[in-house]
Structure formats: structure tokens, C-alpha cells
1. Only one of these conditions is not met by Leu486: (1) modelled with pLDDT of 85 or more; (2) surrounded by 19 or more Cβ atoms within 10 Å (Cβ to Cβ); (3) within 22 Å of the chain's Cα centre (by Cα); (4) of a type in the set (A, V, I, L, M). Which number is it?
2. Taking the conditions exactly as written (crowded, with 18+ Cβ neighbours inside 10 Å and touching a residue at least 60 places away in the same chain (Cβ under 8 Å)), does His517 satisfy them or not?
3. In region 395-417, what residues are assigned to a helix (DSSP H, G or I) and either of a type in the set (Ser, Thr, Tyr) or modelled with pLDDT under 85 (or both)?
4. Does Val73 satisfy the criteria of being crowded, with 18+ Cβ neighbours inside 10 Å and within 31 Å of the chain's Cα centre (by Cα)?
5. For the structure I just gave you, tell me whether Asp247 is modelled with pLDDT of 80 or more, of a type in the set (Asp, Glu) and surrounded by 17 or more Cβ atoms within 10 Å (Cβ to Cβ).
6. Of all residues in region 127-139, which are more than 20 Å from the chain's Cα centre (by Cα) and either in a strand (DSSP E or B) or aliphatic (A, V, I, L, M) (or both)?
7. If you scan region 236-250, which residues turn out to be more than 21 Å from Glu211 (Cβ to Cβ) and in a loop (DSSP other than H, G, I, E, B)?
8. Check Lys235 against each of (1) touching a Pro at 6+ places or on another chain (Cβ under 6 Å); (2) surrounded by 23 or more Cβ atoms within 10 Å (Cβ to Cβ) and name the one condition it does not meet.
Amino acid sequence: MERRLAAILAADLVGYSRLMGMDEAGTLQRFSDLRQTVLDPLIATHGGRTVKLMGDGLLVEFPSAVNALSCAVEWLDAVSGHQKDVPEDRLFKFRIGLNLGDIIVEDGDIYGDGVNLAARIETEADADSICVSEAIYQQAKGKLPVAFEDLGQRTLKNIAEPVRLYRVLGNAASPKPANLTLPEKPSIAVLPFDNMSADPEQEYFADGVTEDIITELSRFPSLFVTARNSTFSYKSKSVDLKQVGRDLGVHYILEGSIRRAANRVRITAQLIDSTNGTHVWAERYDRELEDIFSLQEEITQNVAGAIAPQIEMAELTRVHSGKAARFSGYDVALKAQALFYDAVRSGDADLYQQAIATAQDALTQDPRCTHALWILGWAYGEAYLYRWGPDPDRGLELGWAAMERFFEIDSNDPRAHMSRGLIQHFRGDYDSALDDFRRAFELNPNYAMNLFTMAWCESLIGFTKEAREHAALGLRLSPRDNEVWLGVAYLALAQAGFADGDFEETRKWAALAIQKHPRAPIRRALMIACCIHDGDAEAARRHVEFLNSFAPAFIPSVLQGDVVLFKLQEHNALLAEGLSKAVQ
């Protein structure tokens, strides 16, 4: 008798009897094709072994919990993608259970409590979802881009002791825009320009120029422009532009490359009609680096003119007087921006300090560099929120000072209004904050980051309906956002649910928000309070431990009134009650 530890996946095809009753031969053939073309190769890729078929399901053995969970997540995505043309009533939908345990191997089959438990866990999953045991959760957490919702202790049939289960969130379980339709107005996505320079360190420059082109195109209400974070999900990937157009729901794709050497830069750009793959426009630019802003404006003019002749060209000739007069300061600001994005993703206080220092260097070279001022405003606000440093409240003063300088240079830049709105919200001036977010929206209705932060603000003020609407619009503009900004949308939805007293909804969105930014205090605090109000003290304790590991002053600051999240006192009281009980 052979015994070994293994990760077991039990999968069940939901509604198998109904499908067989509708078309027995066709269902059997489709299931066979799915196994051969999709499931068997996927299982093999993750080192798994199909132990046996069980009519409407499969039993699979894996060498590790991570392999098993990775396969399960990809399983749901792959099955969904394989059935794009299948009618809704004939779709194959699986529920999957995972367990890590001791098994007995005999004649190629497997037995034991580890197998039995996996089969019972599968019955607790919903259609197109995954449930896992605590053993799987402990081994896989933090190693895959998924989040987990603690379902608590469950009593399972023929299992002696209650078992703690977790629902897998993220990837296949995350909200996805389905069947995106083309907007009525001209729509475009700008893919990250390739860095063709010999120096890989110039990636930040190529990314910064790409982002500036997106920003300039986004200013025009007559255009629908996909947000930066969705388009950057395609960075360094070989893509089918027609498929990108379908994924993002846009008519046009702009792609290009940048080669920088010494004092010169060469940029090539081409505009593609994603519906048929044809070239609409292409151009190559050779310029001195000092001409970088006029070059960006020229590209923007040509692109906008090619896809939207109705745009008032007078607006396109707007001079970038508010930007850096010399290229050197702007160049340093792009480095600060790259550091800032890394800091946001990681929640690393040292990276924030590096971003602040680099932005200040940029301002030393060019005091009118709005890129640097924008980064300072955000970074100082984050320092206040995280309670970093000996005097975190000073972050609001420094952030406010940066925004005042920004407004002196360019009061019509939506980033200035968005950033000032954040700082005003932190200062407790909710109405002024919302005015700034709304002004940023007027200036640039395609600015997904502002839509996310506006929804965040509205949810804390109590405008939960508006918060959900603006979060949804931001998600449509940025349907493939893989970065931390998407977590702000999820946070806004979590806060709206909390303000409405819907703790189940809050936990769902908070879990997704935490997945995007694990080291963010507000979403952890919401999760803790919801767990307490739901009677799940054990889950609350684990979240408290994690929050204290990176922001130990946050909960005391909320309980003492130093950090106030919601405008309405009853919402703050509900949060404080949950946090207070969690730390008792």
C-alpha cells in the first residue's frame, strides 16, 4: 500500500443530467472534445494526473497545492473561452473543490480521507467557482494572483469534523466586462510603445511618453479612450490587434516604438482599425529631446484628426505651457512616476520616499514640472493615510502646498483637481473634494483614475448610488486594469456596500480590493469590521494581524478619531464598533 501527500481536485459538470436530456450524443461529444483539447493539456501543464472520470466530473491529483489551484483558476477561464459560440442553455459550467491531504494509491486509483474531503468540498462550490480547504489556502495564499473569501466552518456529509472552507476570488471569479460593445463615439486604446533603445533603463521613458499621449487624447469628450492600466496589461506581449480591440471594446488601436540615443529621439506610430486590421495612419518622427512636448502634441493631433474629424482642432493646438520648459526636469519626473507606481503596487514606504525625493529633484531642475507636483501630492497624501513617519499629518500640508503650485501653473489639468480632491477629502472637506473630482471629470471624462477616486469619495459621503455608477464607468474605460488603481474601484464598491449595511457585498468587494493591494489599510479595516458584524471573529483576527504588520497605527488612529473615513457619523460608528471588538 502506497501513501503520499497530494493535492486533489474534484470537478463536477453542473446540470449534466439536464444537458444529457437535451442532447445526449452531442453532450457526450462536446465533453470529450473539451477534455481532449482543453482540460487534458491544461492538467498536464500543471503537473497533474487525471485519476478517473466520473461521468459528469473528474478527479485529478497534483504534486502541490499551488499547481492544483493554478490549474483550477485557469480551468474556469479556459472552459469559458472555449464556449464563446455556445448558447447559454447549453454551456458547460464546473464547480471545483480542492484539498491537500494524505492519500492511498492502489492500481493507479486513489483513496482516503484526502480524496473524500475534496469531493465534499466540491459540492459546496457554486457553478463556475472554486472552493478550497484550509490546507490549500495556507499553502497557496500569496503565491497566486487570487484572493480568498473565508466561508467559515462547514459541516460536510460523512466528514466527522467541521472544515473551514474558502471561496477563491480573482481571475475567473472576478467581475469581467462581457461582450463589450463599441461606444457610439470614436474609441481608441494606446498600447505601450516599445523601447527600441539599447539601454533597458529607458523603459520608463517609453512608458511615460505613451502615458502622456493617452492623457492628451483623453481630454476630449468626443473620444472614448481606454485607461492606461488596461492598455499596459499588454506591455511586452505579442498581441493580435483585432483581439485587443474586442477585449477592450474599442475601434482603433495606436501602437508604436521609441528609440532614444544621446540628444535625439525617434518615435514611430501607427493607427490600426481593429475591426478589420487595416492601417488608418502611420508616421515616423525624429526630434531633438527638447522638442518632446511638441512631438507628443503632433502625434495627438494626427491621431485625433484621423479618427475623429469632428474634434475641434483648435483644442488640439493647446500649448503645453504648464509643462517642463527643459526636457531634463521632465525626464527626472518620469523616473519619479515609475517609482511612484511601484510604491503604490507594493505599499513600500521606502519606495514612496524615493519617489518623493526624485520628484523634488525634478522640481529643482524645473520648478514648473507638473508631473513632479502631481506625484508629490499623491505621495504625501499616502504618507498621511498610512501614518508613515514621525509626523504623518504634515503630509497633508506638503501635499496641499504641491497642489497649490500645480494650480498656479495649470488649473485646467484634471490631475490637479483629482489630487487636490484627495487631499481635501483627507482634511475632512468632503464637499470641496467632490467638487474637485467633478471638475476633473468635466475636464477629462475618460480619466478612469478620477472616476475611481470620485466613486471612492462618493461612497464615503453617502452617495452610494452615484459611487456604483462611476465605479462601473471607470471599469468600462479600463476593463483589463491589472494594477492597483482597479483596487480603488473595488474599494469604492466595498465602502458603498458598508454604508448601505450590506456586509456580504462589502466582504466580496473588499476581498477583491485587498487582492489588488494587500498592504492598504482602509480595505483591511472594512473587512475586519464586516467579519465582526458577520460573527466571524477568527477571520477578523487574521486581518488585524496582517494590518498591524504594515500599519500598526492605523486602527488606533481610527478609534481615536485621528483618521475619519466616512462623512456620516453613523457609518464611522459602525466601523469603529467592528474595529474595537476585533482588537479587544
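1. All conditions are met except number (1).
2. Numbers: crowded, with 18+ Cβ neighbours inside 10 Å: yes; touching a residue at least 60 places away in the same chain (Cβ under 8 Å): yes.
Yes; evaluated as a whole, the condition is true for this residue.
3. Residue satisfying the conditions is Gly395 alone.
4. Yes; evaluated as a whole, the condition is true for this residue.
5. On the way: modelled with pLDDT of 80 or more: yes; of a type in the set (Asp, Glu): yes; surrounded by 17 or more Cβ atoms within 10 Å (Cβ to Cβ): yes.
Taking the combined requirement at face value, the residue satisfies it.
6. Initially, region 127-139 is screened for residues more than 20 Å from the chain's Cα centre (by Cα), giving 127-128, 130-139.
Across region 127-139, the qualifying residues are Ala127, Ile130, Cys131, Val132, Ser133, Ala135, Ile136.
7. At the first step, the residues of region 236-250 found to be more than 21 Å from Glu211 (Cβ to Cβ) are 238, 240, 242-243, 246.
Ser238, Asp240, listed by residue number.
8. (2)
The values are calculated or read from the model by the stated rules, or taken from the named source; none is laboratory data. This is a predicted model, so every value here is computed, not measured. Every residue, glycine among them, receives a Cβ derived from its backbone with ideal geometry; neighbour counts consider all protein chains shown.
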